[in-house]
Amino acid sequence: MTNKSEIIQSIKQQNNPMIVANRLSTFIVHAIREGSINLYEAYLLNGEVIKWYRKGYTQPAWKSPVLVSNCLAILNQKLLSHIFDGNTVTENIYKLGLEAYRLNDDKRKHYIMDKYALFLEAQDSPALLHELQSIRNNADKQSYDDGPYHFDEFPFECFSPETILLEGGGHLFEKTIQDEIEDLIVELNLT
């Protein structure tokens with residue numbers, strides 16, 4: 001699935017928000033890896049993924065569990081929001097993160113979940129950003145049993161929000177959006 005019409009058609013055939021989120025996430029992964037969308041476009045689309053996942057775990061009809069991976073996806077989105085958006089968007093993502101953390105039933109020891117509220121504010125903590133960066137940089141040495149890891153979620157291995165924030169490189173990323181991606185976001189909000 002690599003174009004807007006295919007993803008819209010696929011989503012319109014589905015009413016389960018978790019499946020919609022998974023399909024959209026797959027679209028983002030393929031598009032960003034093939035270079036057909038930029039990081040800003042992927043960030044905006046991933047915001048839609050998070051909305052669809054949230055529908056799945058907050059609406060009684062679906063009763064989907066909140067997974068650690070959902071919390072990690074929101075954390076990465078929060079870090080990216082400091083690169084691309086203002087305080088209102090950042091604050092909303094922060095609230096989504098706290099909500100997901102509260103609803104998460106997986107209470108096992110986890111390198112981020114043990115300090116999740118702190119990590120949600122990592123943009124102000126070089127120590128926490130360095131911790132995330134170190135784990136990402138040593139991805140091949142991480143134990144499968146200790147995951148999932150923040151690099152398993154958008155923006156995956158393609159970009160490192162923590163490194164961008166540490167290096168102050170947010171200005172390097174243009175906030176441009178193709179008409180096709182803008183149309184896709186509109187369609188997602190009408191569905």
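The values are calculated or read from the model by the stated rules, or taken from the named source; none is laboratory data. All of these numbers come straight from a predicted model, not from anything done at the bench. With ideal geometry, Cβ positions are generated from the backbone for all residues, glycine too; neighbour counts draw on all protein chains shown.
Answer yes if at least one residue in the stretch 131-141 is part of a helix (DSSP H, G or I), under 16 Å from LEU67 (Cβ atoms) and in contact with a helix residue (DSSP H, G or I) (Cβ under 9 Å, 6 or more places away or on another chain), and no otherwise. Write out each step before concluding.
Taking the stretch 131-141 as the starting set, the residues that turn out to be part of a helix (DSSP H, G or I) are 131-137, 139-141.
Those still in the list that are under 16 Å from LEU67 (Cβ atoms) too: none.
No - not one qualifying residue is present in the stretch 131-141.
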Notebook entry, point to check: Residues in the stretch 81-99: is at least one more than 28 Å from GLY168 (Cα to Cα) and either part of a helix (DSSP H, G or I) or not basic (Lys, Arg) (or both)?
Noted result: yes
Notebook entry, point to check: Quick one: in the stretch 169-191, which of the residues that are over 17 Å from VAL49 (Cβ atoms) and at pLDDT below 85 is surrounded by the most Cβ atoms within 10 Å (Cβ to Cβ)?
Noted result: PHE173
Check: Which residues, counting only those in the stretch 21-54, are of a type in the set (A, V, I, L, M, F, W, C) and within 12 Å of the chain's Cα centre (by Cα)?
Finding: ALA21, LEU24, ILE28, VAL29, LEU39, ALA42, LEU44, LEU45, VAL49, ILE50, TRP52
Next item on the list: Go through the residues of the stretch 142-158 one by one and say whether even a single one is modelled with pLDDT under 95, closer than 30 Å to SER64 by Cα, surrounded by fewer than 12 Cβ atoms within 10 Å (Cβ to Cβ) and of a type in the set (Gly, Ala, Ser).
Entry: yes
Item checked: Selection count where residues are more than 30 Å from SER134 (Cα to Cα), more than 18 Å from the chain's Cα centre (by Cα), touching a residue at least 24 places away in the same chain (Cβ under 8 Å) and assigned to a helix (DSSP H, G or I), scope the stretch 163-191 -> 3
Next item on the list: Kindly indicate whether SER81 is within 18 Å of THR163 (Cα to Cα), free of Cβ contacts under 8 Å to residues at least 40 places away in the same chain and surrounded by 20 or more Cβ atoms within 10 Å (Cβ to Cβ).
Entry: yes
Note to self: Looking at the stretch 2-14, can you tell me whether even one residue there is of a type outside the set (D, E, K, R), more than 23 Å from GLU180 (Cα to Cα) and in contact with a Phe, Trp or Tyr (Cβ under 6 Å, 6 or more places away or on another chain)?
What the structure shows: no
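Conditions tested, residue by residue: (1) over 21 Å from ILE164 (Cα atoms); (2) crowded, with 21+ Cβ neighbours inside 10 Å; (3) touching a helix residue (DSSP H, G or I) at 6+ places or on another chain (Cβ under 7 Å).
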site: SER5; (1), (2), (3): yes, no, no
site: MET18; (1), (2), (3): yes, no, yes
site: ALA42; (1), (2), (3): no, yes, yes
site: TYR53; (1), (2), (3): yes, yes, yes
Notebook entry, point to check: In the stretch 1-34, what count of residues is obtained for those that are within 23 Å of GLU157 (Cα to Cα), of a type in the set (S, T, N, Q) and not in a helix (DSSP H, G or I)?
Noted result: 2
